Amino acid sequence: MATINASILLIALPDIFRGIKIDPLAPGNTSYFLWILMGFMLVTSVLVVSLGRVGDMYGRVRVYNLGFAVFTAASILLAVTWMHGDAAALWIIVVRIIQGIGGAMLMANSTAIITDAFPADQRGFAIGVNGVAAISGSFLGLLIGGLLAPIEWHLVFVVSVPFGVFGTVWAYLKLKDNGVRTPARIDWAGNLSFAIGLIAVLVGIVYGLQPYGGHTMGWTNPFVLTSMIGGVVVLAAFCFIETRVPDPMFALELFKNRTFTMGAIAGMLGALARGGLQFMLIIWLQGIWLPLHGYSFDRTPLWAGIYMIPMTVGFLIAGPIAGRLTDRYGARPFATFGMIISAAAFAIFDVIPIDFSYIWFALALTLIGMSMGLFAAPNTTSVMNSLPNNRRGAGAGMLNTFQNSAQVLSIGVFFTVIGLGLAASLPDTLYSGLVGQGVASGKAHEIAGIPPVGSLFAAFLGYNPIKQLLGDGTLSTLPADKADYLTGQQFFPHLISGPFGDGLHLAFAFAALACLLAAVISWMRGGQDPRVRRTLAAETAAGLAAAGDVAADEIGVGGVGGLDPAEATGDEAMTVGGGAAPEPDARGHA
C-alpha cells in the first residue's frame with residue numbers, strides 16, 4: 001500500500017494540480033509542489049527511530065495497528081478533497097504529513113513483528129515476501145497512476161482505501177504481539193531536539209530550492225540559513241543530550257563500532273548519490289527525450305515511469321544474488337564493488353547524448369539498479385551483524401534515518417546543481433529562441449528573466465511551460481505556424497536540452513564522486529568472516545527484502561523491508577568478525 005501510494009503520486013502530480021485548479025509553476029506556488037512531493041519523506045525520516053523505540057516499549061503490534069489506521073484515515077481524507085486553489089494544496093500537504101506519521105509507524109515496526117512471529121528457519125522467507133511486496137508496489141503504482149489519474153485524480157488516493165480498511169481490521173483481529181517489551185522511559189529531550197534539528201535542516205533544504213531575491217536558488221535566504229545552521233546546532237545539542245540520559249533514543253556508543261559506522265556512512269553516501277537521480281532522469285525523459293520522440297506532454301509522466309522500469313529490474317536481478325554471495329564470502333567486497341559499478345553507471349549517463357538511443361539509457365539504468373541491489377544486502381548484513389541483539393532495532397532505525405535524510409539532501413543537491421547550470425545559459429538561449437520566432441523583445445526578456453528552476457518543475461510535471469508563459473494574448477499576435485511551433489513538442493525540448501545537459505553533467509559527476517567515496521568507506525569497514533550458510537530460499541529472500549528496501553527508497557517511502565539478515569537463520573548465526581559477539585544462552589553458551 002505504501003509503495004503503490006508513493007509511485008502513484010509521482011505519476012499523478014500533473015493531474016492533481018490540474019484537478020485542484022492551481023498552477024504549481026507560479027512563483028508563489030512552488031512550495032506547494034515541493035511539500036506535496038517531499039513532505040511524506042521528511043516526516044518519516046524524522047519519526048521512524050522514535051516510533052520504533054515506542055514500539056519496543058509499548059508493543060510493536062499496537063503501534064503498527066495505529067499506523068495502519070492513521071495511514072488509511074489520511075487516504076480517505078485525501079480521496080474526499082473537495083476544495084480548490086491554495087486551500088486544496090494546503091489540505092493535501094497537511095494530510096500527506098499525517099499519512100507520513102502513519103507510514104512511519106508501519107515502517108518502524110513491520111519487520112520486527114515478522115521477526116517475532118516466525119521461527120528462525122522461516123523468517124528469511126517471510127521478510128523476503130515483504131520485500132517482494134515493496135517491489136511489486138513500486139511497479140503497480142506507476143501503471144495504476146498512469147491509468148487512473150487522467151480519468152479522475154481522486155482515484156489515485158481511493159486505491160489505498162479498501163486495502164487500508166481491510167488491513168486495519170485484519171491486523172487488529174489477527175496480529176499477536178509476540179515480542180518482548182523493553183521497559184524504558186521516553187527520551188523526551190532527545191526526541192524533541194532530534195525532531196526540531198532534523199526538521200529545521202530538511203525544511204531549509206526544501207526552501208533552498210526556491211528562488212529568492214533575484215537569485216536562482218534560495219540558499220542566501222536568511223530563513224534558509226537560519227534553519228540549516230540552527231538545525232545543525234540543535235542536532236549537536238541532541239548528541240550531547242544522548243550521552244547524558246539513561247535511556248537514549250539514539251545509541252551513540254554504536255559509532256564506536258567501526259563496521260557499523262563505516263556501513264552507515266557508506267549507506268548514507270549511496271543514498272546521497274541516488275536520491276535525486278530518479279527526479280533528474282524523469283525530468284530528462286519528460287522534458288526532453290519523450291517529446292522529441294513524439295510523446296505529447298500530457299502523456300510523458302506515464303511513459304517516463306515505464307521507461308524507468310529497468311532500474312527496478314536491476315534490483316530484482318542483483319538483490320537475491322548479493323544476499324547469497326554475502327553469506328558465502330562476506331559483505332565487504334560486494335558492497336564495495338556495488339558502489340564502484342554505480343560510479344561507472346553514472347559515468348555512462350554522463351557521456352550519452354541528451355537525445356540518446358534508449359538501449360544505452362536502459363543499460364545505464366539496469367547497471368544502477370543492479371549496483372544498488374548489490375550494495376544493499378551486503379551493507380545491511382554487515383551493519384546488522386555488527387550489532388548486539390539488544391541494539392538491532394536502534395541500529396536499523398539509525399541506518400534508515402541516515403539514508404532517508406540523505407535522500408532529501410540529495411534532491412536539494414541535484415536540483416541546485418542543475419539549476420545553476422540552467423541559470424548560466426538558459427536565459428540567453430530562451431530570449432534568442434523566442435525573438436527568433438517573432439515574440440516581441442520586451443516579452444521575450446520578461447520570460448527569460450523567470451527563474452530557470454521553474455523549467456525543471458515544469459518538465460517533472462509534464463507541462464509545456466512555453467504556452468503558459470506566453471499566454472493567449474501573445475500567441476494570438478503570432479503567425480499560426482510560429483505559435484504552433486512554440487507550443488509544440490520540439491521548441492521547449494530543444495531549447496532546454498543544452499543548458500540542462502550542462503547541469504546534468506555536474507550532477508552525474510557529483511553522484512559518481514559520492515559513489516567512489518562510498519566504495520572507499522565501505523572497504524574501510526574491515527573484513528568479516530562469512531556467516532553460517534543459510535538455505536538457498538532464505539538467502540534469496542534476504543536479498544529480495546534488501547532490494548525491496550532500495551526500491552522503496554527510490555520513490556521516497558523509506559525502507560519497508562527493514563531486513564535484519566542475521567534473523568534469517570536465528571541469532572546464533574551471527575559472526576564476531578568486526579562486530580559483537582553472540583549473547584550467551586541460559587546455559588552460558590554463546
Legend entry - All positions within region 10-36 that are open to solvent by 10 Å² or more (accessible area, probe 1.4 Å) and either closer than 16 Å to Thr300 by Cβ or free of Cβ contacts under 8 Å to residues at least 40 places away in the same chain (or both): Leu10, Ile11, Asp15, Arg18, Leu25, Ala26, Gly28
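For region 434-453, give me each residue that is touching a residue at least 12 places away in the same chain (Cβ under 8 Å) and either under 31 Å from the mean Cα position of the chain (by Cα) or surrounded by fewer than 21 Cβ atoms within 10 Å (Cβ to Cβ) (or both). Walk me through how you get there before you give the answer.
Here is the first cut: in region 434-453, the residues touching a residue at least 12 places away in the same chain (Cβ under 8 Å) are 434, 437-440, 443-445, 447-453.
Selection gives Gln437, Gly438, Ala440, Lys443, His445, Ile447, Ala448, Gly449, Ile450, Pro451, Pro452, Val453.
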Legend entry - Ile265, sole failed condition from (1) in a helix (DSSP H, G or I); (2) over 28 Å from Leu513 (Cβ atoms): (2)
Legend entry - Residue match in region 93-108 (condition: modelled with pLDDT under 85 and either in a helix (DSSP H, G or I) or among the acidic types (Asp, Glu) (or both)): yes
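Report yes if Leu316 is aliphatic (A, V, I, L, M) and either open to solvent by 10 Å² or more (accessible area, probe 1.4 Å) or part of a helix (DSSP H, G or I) (or both), otherwise no.
On the way: aliphatic (A, V, I, L, M): yes; either open to solvent by 10 Å² or more (accessible area, probe 1.4 Å) or part of a helix (DSSP H, G or I) (or both): yes.
Yes; evaluated as a whole, the condition is true for this residue.
Looking only at region 1-35, count how many residues are within 23 Å of the chain's Cα centre (by Cα) and not in a helix (DSSP H, G or I).
Step one: list which residues in region 1-35 are within 23 Å of the chain's Cα centre (by Cα), which gives 1-17, 24-25, 29-35.
Next, only the ones that are not in a helix (DSSP H, G or I) stay: 1, 24-25.
Total satisfying the criteria: 3.
In region 459-468, how many residues are in a helix (DSSP H, G or I) and on the phi > 0 side of the Ramachandran plot? It would help to see each step written out before you state the result.
As a first pass, look at region 459-468 and keep what is in a helix (DSSP H, G or I): 459-461, 465-468.
Cutting the leftovers down to on the phi > 0 side of the Ramachandran plot gives us none.
Matching residues across region 459-468 total 0.
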Inset, instruction - Scan region 210-235 residue by residue and report those that are in contact (Cβ under 8 Å) with a residue 24 or more places away in the chain and over 18 Å from Leu420 (Cα atoms). - result: Ser227, Met228, Gly230, Gly231, Val232, Val233, Val234, Leu235
Inset, instruction - Run Arg274 past the list (1) within 29 Å of Gly145 (Cβ to Cβ); (2) of a type in the set (D, E, K, R); (3) more than 19 Å from the chain's Cα centre (by Cα) and report the number of the one that doesn't hold. - result: (3)
Legend entry - region 46-83 - residue that is among the small types (Gly, Ala, Ser) and surrounded by 23 or more Cβ atoms within 10 Å (Cβ to Cβ) and, of those, farthest from Leu9 (Cα to Cα): Gly55
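From the list Leu272, Leu252, which residue is surrounded by fewer than 19 Cβ atoms within 10 Å (Cβ to Cβ), of a type in the set (A, V, I, L, M) and out of contact with any Lys or Arg (no Cβ under 9 Å at 6 or more places or on another chain)? Please lay out each step first, then the result.
Details: Leu272 fails: surrounded by fewer than 19 Cβ atoms within 10 Å (Cβ to Cβ).
Sole residue among the options that is surrounded by fewer than 19 Cβ atoms within 10 Å (Cβ to Cβ), of a type in the set (A, V, I, L, M) and out of contact with any Lys or Arg (no Cβ under 9 Å at 6 or more places or on another chain): Leu252.
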Inset, instruction - Quick one: which residue in Ala480, Ala423 is in contact (Cβ under 8 Å) with a residue 12 or more places away in the chain and of a type in the set (Gly, Ala, Ser)? - result: Ala423
Legend entry - Members of region 319-334 that are surrounded by fewer than 24 Cβ atoms within 10 Å (Cβ to Cβ) and of a type in the set (A, V, I, L, M): Ile321, Leu325
Inset, instruction - Would you please list the contacts, defined by Cβ atoms under 7 Å and residues six or more apart or on different chains, that run from a residue in region 335-349 that is open to solvent by less than 10 Å² (accessible area, probe 1.4 Å) to a residue that is of a type in the set (Val, Ile, Thr) and assigned to a helix (DSSP H, G or I)? - result: Ser342/Ile368; Ala345/Ile368
Inset, instruction - Could you please find all residues in region 275-298 being free of Cβ contacts under 8 Å to residues at least 40 places away in the same chain, in a helix (DSSP H, G or I) and either open to solvent by 10 Å² or more (accessible area, probe 1.4 Å) or under 19 Å from Gly369 (Cβ atoms) (or both)? - result: Leu285
Inset, instruction - Would you check if Phe240 is more than 30 Å from Val453 (Cα to Cα) and under 25 Å from the mean Cα position of the chain (by Cα)? - result: no
Inset, instruction - Would you confirm whether any residue within region 230-237 is modelled with pLDDT of 90 or more and open to solvent by 80 Å² or more (accessible area, probe 1.4 Å)? - result: yes
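In region 416-424, is there at least one residue being among the β-branched types (Val, Ile, Thr), open to solvent by less than 10 Å² (accessible area, probe 1.4 Å), at pLDDT 80 or above and over 30 Å from Asn257 (Cβ atoms)? Lay out the reasoning, then the answer.
Restricting attention to region 416-424, the residues satisfying the condition of being among the β-branched types (Val, Ile, Thr) are 416-418.
Filter once more, keeping what is open to solvent by less than 10 Å² (accessible area, probe 1.4 Å): 418.
Filter again for at pLDDT 80 or above, leaving 418.
Cutting the leftovers down to over 30 Å from Asn257 (Cβ atoms) gives us 418.
Yes, region 416-424 contains a residue that is among the β-branched types (Val, Ile, Thr), open to solvent by less than 10 Å² (accessible area, probe 1.4 Å), at pLDDT 80 or above and over 30 Å from Asn257 (Cβ atoms).
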Inset, instruction - Determine which single condition Leu456 fails, assuming it passes every other condition in (1) open to solvent by 60 Å² or more (accessible area, probe 1.4 Å); (2) touching a residue at least 24 places away in the same chain (Cβ under 8 Å); (3) assigned to a helix (DSSP H, G or I). - result: (1)
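Among the candidates Gly128, Gly164, single out the residue that is in contact with a helix residue (DSSP H, G or I) (Cβ under 8 Å, 6 or more places away or on another chain) and either farther than 27 Å from Leu42 by Cα or modelled with pLDDT of 80 or more (or both). Outline the logic, then answer.
Working: Gly128 fails: either farther than 27 Å from Leu42 by Cα or modelled with pLDDT of 80 or more (or both).
Going through Gly128, Gly164 in turn, just one is in contact with a helix residue (DSSP H, G or I) (Cβ under 8 Å, 6 or more places away or on another chain) and either farther than 27 Å from Leu42 by Cα or modelled with pLDDT of 80 or more (or both): Gly164.
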Inset, instruction - Could you please tell me which pairs satisfy a Cβ distance under 8 Å, a separation of 6+ or placement on different chains, a first residue in region 170-199 that is part of a loop (DSSP other than H, G, I, E, B) and hydroxyl-bearing (Ser, Thr, Tyr), and a second residue that is open to solvent by less than 70 Å² (accessible area, probe 1.4 Å) and at pLDDT below 85? - result: Thr182/Asp56; Thr182/Met57
Legend entry - Subset tally (residues that are among the charged types (D, E, K, R) and either modelled with pLDDT under 85 or open to solvent by less than 10 Å² (accessible area, probe 1.4 Å) (or both)) for region 477-532: 4
Inset, instruction - Could you check Ala195 against (1) surrounded by fewer than 19 Cβ atoms within 10 Å (Cβ to Cβ); (2) under 30 Å from Met339 (Cα atoms); (3) within 20 Å of the chain's Cα centre (by Cα) and say which number it fails? - result: (2)
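The values are calculated or read from the model by the stated rules, or taken from the named source; none is laboratory data. All of these numbers come straight from a predicted model, not from anything done at the bench. Positions of Cβ are backbone-derived with ideal geometry, glycine not excepted, and every protein chain shown enters the neighbour counts. Each accessible area value is taken on the protein alone, full model and side chains, heavy atoms only, with ligands, DNA and RNA left out. Shrake-Rupley method; radii C 1.70, N 1.55, O 1.52, S 1.80 Å.
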